[in-house]
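Here's the structure, in structure tokens; my notes come after.
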Amino acid sequence: MNTATFRPRPAKAPSVFCDDLAMTLTARRDALIGSPNTVDGRQPLAWEELVEWLRFQCWYRREETDIIDSWLDHVPRPDMLAALRRQLAEAGRHHRRLLAHLDTLGTSMADWSPEPEWMNWASEFHASGSDTPERIIAHNLAGAPGAMEMPGGLMPRLSEDTHAVLEQLRPDSGLHATLGHMVVNWYATTLETQARTHARVMRAFEREQKGRLALDRRIRAIRQRSAANDAAMDSTA
């Protein structure tokens, strides 16, 4: 007769749990590059495609300021509140910098509207829920980093000027991960909170992927219009 006492699996150390989340997200994003549903990552961005991606980035930063602002009255610790306020300021600065870059390209956010998947991802999901630590972790580990990813792994193929602008913003974006890790270390210390956090992060990832596919859809439509225009011009030549 087996008299061994059943012992429940212990919670992971918060740092290990956070590393595992980050590795899972990276592996899942990498696996989607080059899939049939994404645009060709080998093809450089045309001007209209670049503008479309920059407009999305600009819009996301504006939404991010609203998301973070809605959390400020529900943050449980002063150090988290200070970091979140800094992140809010940086999101606003990123938005203004991207607006200025669009202006140098001779365009703006006028007559631009987001896809429904983007609204669900940023405007609805990340602003929803009652547990602010889980919302911060999901946004900072899955939401904001995912928004910076290029569809089809196109980041290295940006124009030189645009790449320089994004490199200026990149150091500030490190705060997302730092604050996310801080909240994980404080909050995700039990099996229950780790399970809830993991579920929230994976739901954020699912919406991130739907949002990226919507961006791929827009870029693919731009390429199809461009190809049709080129064909029409060739036929009249």
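All of the numbers you see were taken from the coordinates with simple rules; none came from a lab. Every value quoted in this text rests on a predicted model; they were computed, and no experiment measured them. Every residue, glycine as well, gets a Cβ built from its backbone with ideal geometry; the counts of neighbours run over all protein chains shown.
Look at the dipole of region 162-210 built from charges on Cβ: of V165, H176, M202, the Cα furthest out on the positive end belongs to M202. Compactness of region 62-121, taken as the C-alpha radius of gyration over 2.2 N^0.38 Å, stands at 1.39.
Convex hull volume of the Cα atoms of region 198-237, normalised per residue: 26 Å³.
Once both labels are positioned 7 Å from their Cα atoms along Cα-to-Cβ, the gap between N229 and S130 label points is 5.2 nm.
Between H163 and E206, what FRET efficiency follows from the Cβ-Cβ distance if R0 is 35 Å, with the result rounded to 0.05?
Details: r = 29 Å, r/R0 = 0.84.
The value I calculate is 0.75.
Applying 1/(1 + (r/R0)^6) with R0 = 30 Å to the Cβ-Cβ distance of R220 and D20 gives a FRET efficiency near 0.35.
Averaged over all directions, how much area does the convex hull of the C-alpha atoms of region 160-211 cover when projected, in nm²? List each step's numbers first, then the result.
Numbers: hull surface 18.7 nm².
That works out to 4.7 nm², a quarter of the Cα hull's surface.
Which distance in Å, rounded to a whole number, links the C-alpha centroids of region 204-227 and region 108-147? Rounded to whole Å, the Cα centres lie 16 Å apart.
Of all chymotrypsin sites (Phe, Trp or Tyr not before Pro) in region 185-220, which ones are in loop regions per DSSP and have a Cβ with at most 15 other Cβ atoms within 10 Å? Let's see the in-between values first.
Values: sites: W186, Y187, F205; in loops: none.
Listed in order of number, the matching sites amount to none.
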